[in-house]
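The values are calculated or read from the model by the stated rules, or taken from the named source; none is laboratory data. Model, not experiment: these values are computed from the prediction. Please note: Cβ atoms are built from the backbone with ideal geometry, for glycine as well, and neighbour counts cover all protein chains shown. In case anyone asks, the SASA skips ligands and DNA or RNA and just uses the protein heavy atoms, side chains included. Shrake-Rupley method; radii C 1.70, N 1.55, O 1.52, S 1.80 Å.
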Amino acid sequence: MRHLLLTLRYRGTNYHGFQVQQNALSVAQVVQDAVEAVFGARLDVKGCSRTDAGVHANRFALALRTESGIPCDAVVRAMNVRLPEDIAVTGCREVPEEFHPRYSCTGKRYLYKIYNSPVRDPFLSGLALHWKYPLDENAMDAAARQFIGTHDFAAFCSAGGSVEDTVRTITAASVAREGALVTFSVTGSGFLYNMVRIMTGTLLEVSRGALAPSDIPRILAGRDRAAAGPTAPPHGLYLDAVFY
């Protein structure tokens with residue numbers, strides 16, 4: 001029995017998240033269909049994260065077990081022949097039996113992309129949040145850096161989250177502008193339900209002056225979801241890297 005780790009990239013626009021859903025198309029379902037065609041069996045695939053509907057991935061990891069001897073480079077080619085154009089397998093390697101794509105992960109990096117222009121860009125539709133008002137990326141960056149460290153992020157977790165321990169460690173957080181594209185990058189040991197999207201919504205509140213960068217420690221300490229900003233839409237969010 002071989003244990004394979006596959007890395008993927010996908011555009012989440014047409015999918016109801018990664019996890020298999022009862023009545024909606026998911027990334028996992030499409031990948032499982034391709035796996036079945038390549039390996040000749042409906043193998044169980046385990047993903048590194050449950051991305052929400054409309055969320056994208058620059059690097060996503062999943063694992064499967066198989067008795068097939070197909071070489072890893074041939075797995076990549078065969079999978080991509082059978083996958084739609086908005087999903088691609090970028091790599092394959094063998095991993096130890098005890099490896100788990102979610103629980104063996106030591107950290108993740110997310111990006112949230114904002115297209116800051118009075119006029120929308122049709123080529124970024126579904127790939128970045130269109131924000132037509134001026135953005136103060138310097139204030140947003142100063143606020144983002146307040147997230148760095150080990151904190152209780154209960155104020156940045158949606159009500160649908162089921163975890164009891166809301167303490168997380170953020171190792172890097174910043175906001176940068178390149179032309180009209182403003183990107184929030186955040187790296188941490190783990191993330192709560194909708195945490196990055198709520199962080200982004202809070203940074204947008206800082207930009208418009210409703211909050212100050214110095215308010216972030218107070219919001220963290222208060223653990224009150226109502227004190228943080230709104231949840232930003234999913235289509236600007238990317239799982240950018242998974243670390244092992």
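Quick look at the numbers
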item: Pair list, Cβ under 9 Å, 6 or more apart: region 46-59 residue on the phi > 0 side of the Ramachandran plot, other residue among the aliphatic types (A, V, I, L, M) and part of a strand (DSSP E or B); result: 54/237
item: Given (1) out of contact with any Gly (no Cβ under 7 Å at 6 or more places or on another chain); (2) farther than 27 Å from residue 170 by Cα, number of the condition residue 98 does not satisfy; result: (2)
item: Counted residues, region 30-51 - those being in a helix (DSSP H, G or I), crowded, with 17+ Cβ neighbours inside 10 Å and out of contact with any helix residue (DSSP H, G or I) (no Cβ under 6 Å at 6 or more places or on another chain); result: 5
item: Candidates 130, 151 - the one that is in a strand (DSSP E or B), farther than 25 Å from residue 9 by Cα and open to solvent by 40 Å² or more (accessible area, probe 1.4 Å); result: 151
item: Residue, surrounded by the most Cβ atoms within 10 Å (Cβ to Cβ), within region 52-92, restricted to residues that are of a type in the set (Lys, Arg) and part of a strand (DSSP E or B); result: 59
item: Region 211-225, residues that are loosely packed, with under 15 Cβ neighbours inside 10 Å, not in a helix (DSSP H, G or I) and not charged (D, E, K, R); result: 212
item: Of the criteria (1) under 19 Å from the mean Cα position of the chain (by Cα); (2) not in a helix (DSSP H, G or I), which one residue 196 fails; result: (2)
